[in-house]
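The next block holds one structure in the form of structure tokens; read it before the comments.
Rule-based calculations on the coordinates, nothing more; no lab input. From a predicted model like this one, the values you see are computed outputs, not experimental measurements. We place every Cβ from the backbone using ideal geometry, glycine too, and count neighbours over all the protein chains shown.
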Amino acid sequence: MESRQRRNKICYVVTIPTTIRAFFIPQLKYLAEHGYDITVVCGQDDKLQQDLGDNICYTPVDMPRGFSLFGSLKAIKLLYNVMKSNRFDLVQYSTPNAALYASIASKLAGVKRRNYHLMGFRYLGASGIGRAFLKGIEKISCMLSTSIECVSDSNLKLGIQEKVFEAEKATVVWNGSTGGVDLKRFDYANRYIWRNEVRTPLGLKNDDFVFGFVGRITKDKGVNEILEAFLSSQAGAKLLLVGAEEGLDTLEQQLLQKAKSHPDVIFQGSVTDVERYFAAIDVLLLPSYREGFGNVIIEAAAMGTPAIVSNIPGPIDAVDPGKTALVVPVKNVSELRKAMERTRGDGTHGMEEACVEFVRTHFDSERLCEKIYGRKGKLLDNV
């Protein structure tokens, strides 16, 4: 009697459980349902196993988010033990710290296929010695990896240009993004129902024109530029900022206080039903300084909401310029303000439908899961 063929074992490593929840659960479940043994390794979370389901194994390993020599060595040792005992066929890691620890641990443990899912370059937000150090860390992770998957074409080109990794190691799966868009959750059919449900409690009228920002409210996301452009604009609109106020100390404080006291600016805080807020705004603003991709852009577009984005690697891959978004120079308040005033003056005509179609054909998470499955098969020499 023939023995049952062994299922290939894949391990996903990230630093914190939030990353798994935000980007990876659909593809993990898809891979598990289609013949792979899947293990997730990240920090401790009492509810993550329930979210992952019965077919995915969760192994908690705490990893420092900053740089601590003792903490880093401990994380590498713990990861090594997990990988040595499980004999994974492929280890995939995302986020800079997890990538460093997991690439070292999996190499030492003899894992033959080490895949770096590269979500962006952290060193771009630093300068001087800090930048050199972070770039060096990135190079080590890439050197120890046998393959690299960038989340956008422009970041792939940047990595090659900056000599972070060799071109032959790297690729982009399908059209990029971290996990695509779940079109069942971000359902355009609910746009106008959710629009009214969100606006009414916020005191927004149906005919108010609302610019929106969704994300961490920090300097690097271009929030200073958003506030300055809005407060100096003649667009006659409202501004809704949705997200954790964890980076308020990075903003220009005088500008922040002026915005906080302005009757047309609303700070909402974090939400769990962000799809409803994308439906409630007319134009998304993301004049970020650096992004791996810019998932909020395609999530908003799925709800029929166009964007104004900066011309940086990542966001430029998430839009069809002129059709689903306007693109402005990074850190340029004047051009951002002009774009905002243009969209307020019926500059979004036809963009709503174009946004929905663009996401449906380029970033549907179900199709991306199929592409990821095919990619894993190639890495494991199954196809």
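Values for this structure:
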read-out	value
GNM top mover of GLY222, GLY203, GLY314 - the chain, alpha-carbon springs below 10 Å	GLY203
Sorted by Cβ neighbour density within 10 Å, fewest at the top, the residues ILE297, ILE193, ILE266, ILE56	ILE193, ILE266, ILE56, ILE297
Helix-only [θ]222 nm of the chain, DSSP H runs n ≥ 4, -39500 (n - 2.57) each, per residue, nearest 500	-12000 deg cm²/dmol
Segment 1-120: relative contact order as a whole-number percent, Cα under 8 Å and 6+ apart	27 percent
Candidates GLY322, GLY243, GLY130: whichever shows maximal mean-square fluctuation once the chain is modelled as a Gaussian network with Cα springs under 10 Å	GLY130
Residues VAL274, VAL223, VAL198 arranged by fewest to most Cβ contacts within 10 Å	VAL274, VAL198, VAL223
For GLY53, net neighbour charge (Lys/Arg +1, Asp/Glu -1) across residues whose Cβ lies under 11 Å away	-2
Cα-projected label distance for LEU73 with ASP54, points at 7 Å along beta-carbon direction, nm	4.4 nm
Within a Gaussian network of the chain (alpha carbon springs, distance under 10 Å), most fluctuating of GLU353, GLU33, GLU228	GLU33
Cα→Cβ-extended label distance, 7 Å offset, between LYS205 and ARG131, nm	4.8 nm
Cα gyration tensor shape for segment 188-362, rounded if a/c is under 1.5, else prolate or oblate	rounded
Burial ranking of peptide ranges 327-338, 245-256 (average Cβ count within 10 Å, highest at the top)	327-338, 245-256
Percentage relative contact order, segment 188-362, counting C-alpha pairs under 8 Å, at least six apart	24 percent
Exposure proxy ranking, count of Cβ atoms within 10 Å, fewest first, for CYS57, CYS369, CYS42, CYS150	CYS57, CYS369, CYS42, CYS150
11 Å beta-carbon shell around PRO313, net charge (K/R +1, D/E -1)	-2
Inter-centroid distance (Cα atoms) of segment 321-383 relative to segment 62-98, Å	33 Å
Prolate/oblate/rounded call for the chain, Cα gyration tensor, a/c under 1.5 rounded	prolate
